[in-house]
Amino acid sequence: MTLRVPAGRDLSVDFARAMCLPVVVLLHALQLGIGGDPLGAFNALAGFRPLAWATWPLMIMPVFFFCGGFAALGQWRRMRRDGATSSAYLRSRTRRLAQPVVLVMPAVGAVLAIMALSGADGTFLEQLAHRLAEPLWFIAVYIGVSACVPAMAALHERAPLRTLTALAAGAAMVDLLSRAGGLPVAALNWGFVWLFAQQLGFLLRDGWFERASRWLLVGLAAASYAAMGLLVAFAGYSYDMLTNLNPPTLCILLLSLGQVSLFALLQPAIRRAMAVRPVLAVVFVFGLFGMVIYLWHTVAMAAVVGIQLALGLPFPPVLSPSWWATRPVWILAIAAFVALACLVVPRLEKRWPRAARRPLPLVLAAFWSAVAMVGVGVVLLGGYLPAANGLVGWVLVTVAVLALLIGGIRAPRRAPAGESDAERVEA
């Protein structure tokens, strides 16, 4: 296979995203605990102190957001140069994020249904269904922050550092009101914190971190982690970054700044590593199948649990020596299912029709993006079971995707020469 790298593409960003993906999947695989009498599904690593401290370097979700911001700003600028509108961008991005969910939701539902027909306990299945739905938070939030790219890009071009400062101040105010004032506003930081991380990606795209001195980058990273330590020591924040993730707190905002600074320090070395063909090949594979791996590892976990139940295999007590001894087999089984999904799922996704060239008003693009977010949120909050909950979520996402595929009702303008389907001009 010939690997063609587009001119001007920064492969260090692809490397960062590719290397973080298996970390996330591995963490989810280890967190799924099955055991007890009666059988239950729970977080196997809850209260496991070594993992809590390990989340300081290993909680890498901010990397996805600032790398996503890096890529999104480039895409938006290319589309804008070709005459595309905010509606075209929003329509394209939401479809790319929501379409894969339309397939994965019924796949999880099918595995759960087979387990139910095989006699699995209903309470256990509901617990498992909630655990399998948890990774969907990333899709819902990413649709939301992606929808803000045109507006946030405009703010970035006018006042990049002031925009970052305002987002940080907003996150700090939300934490203060929710933690000290007891007001139910903590969920607002799903916006402030992740938009901040995305905005760091804009700065990365425009070379701000590359122009910064190494001492400044070291200072930013050190100050970020030191501030996290102060929040944990004196302000009551959890030392577990996974706890700080839901909803995100100032600790995650500071972690984003620290991680992007460290990434900028390592960028020259990463770029040199990307000249090595085996490294490039691995990054290429993870990039090509990234969405399949992220979404379908939940189907894989459900399938492996179902097979264990069907074969009557024991579930060792979590964190026991026998549990740790069986984790390599557990992880390899999940990896095998994910590899199979990488072979099958892209073939199924190619059957989606192309998006119609009819323009879609911005208000409708925003509306259908919101519907897709709500659909994902229904399953995220309520789980895949009861079945009615999963069905409602799936229907909402599917309807939103179909509406975005169909577009508006007016005839299209002639597209500029050489424009891709994903970057078509829409009025």
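The values are calculated or read from the model by the stated rules, or taken from the named source; none is laboratory data. Keep in mind that this is a model prediction, so the values were computed, not measured. Every residue, glycine as well, gets a Cβ built from its backbone with ideal geometry; the counts of neighbours run over all protein chains shown.
Structure values in brief
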| item | result |
| --- | --- |
| Residue in region 28-36 that is within 17 Å of Q198 (Cβ to Cβ) and either among the charged types (D, E, K, R) or touching a residue at least 40 places away in the same chain (Cβ under 8 Å) (or both) present | no |
| Candidate set from region 193-207 (those that are surrounded by 16 or more Cβ atoms within 10 Å (Cβ to Cβ) and free of Cβ contacts under 8 Å to residues at least 60 places away in the same chain); member that is farthest from I139 (Cα to Cα) | L203 |
| Selection status of L231, touching a helix residue (DSSP H, G or I) at 6+ places or on another chain (Cβ under 8 Å) and within 18 Å of W53 (Cα to Cα) | yes |
| Residue tally, condition part of a helix (DSSP H, G or I) and either acidic (D, E) or in contact with a Ser or Thr (Cβ under 9 Å, 6 or more places away or on another chain) (or both), over region 196-206 | 6 |
| Subset of region 20-67 that is within 20 Å of A333 (Cα to Cα), among the aliphatic types (A, V, I, L, M) and surrounded by fewer than 17 Cβ atoms within 10 Å (Cβ to Cβ) - its residue that is farthest from the chain's Cα centre (by Cα) | L26 |
| Qualifying position, being under 30 Å from A84 (Cα atoms), part of a helix (DSSP H, G or I), among the charged types (D, E, K, R) and free of Cβ contacts under 8 Å to residues at least 24 places away in the same chain, among R347, R351 | R347 |
| Within region 122-177, tally of residues that are of a type in the set (S, T, Y), buried (at least 18 other Cβ atoms within 10 Å of the Cβ) and touching a residue at least 40 places away in the same chain (Cβ under 8 Å) | 2 |
| Residues of region 306-324 satisfying the condition of being without any contact (Cβ under 8 Å) to a residue 40 or more places away in the chain and on the phi > 0 side of the Ramachandran plot | G312 |
| Answer residue from region 291-321, given it is under 14 Å from L39 (Cβ atoms) and in contact with a strand residue (DSSP E or B) (Cβ under 8 Å, 6 or more places away or on another chain) and is surrounded by the fewest Cβ atoms within 10 Å (Cβ to Cβ) among those | P317 |
| Among residues of region 101-126, those that are closer than 15 Å to L380 by Cβ and under 23 Å from the mean Cα position of the chain (by Cα), counted | 5 |
| Residue selected from region 85-108 under the condition in contact with an Asp or Glu (Cβ under 8 Å, 6 or more places away or on another chain) and under 14 Å from A151 (Cα atoms), by the criterion surrounded by the fewest Cβ atoms within 10 Å (Cβ to Cβ) | T85 |
| Test: residue in region 352-364 that is within 26 Å of I406 (Cα to Cα), at pLDDT below 95, of a type in the set (G, A, S) and within 26 Å of the chain's Cα centre (by Cα) | yes |
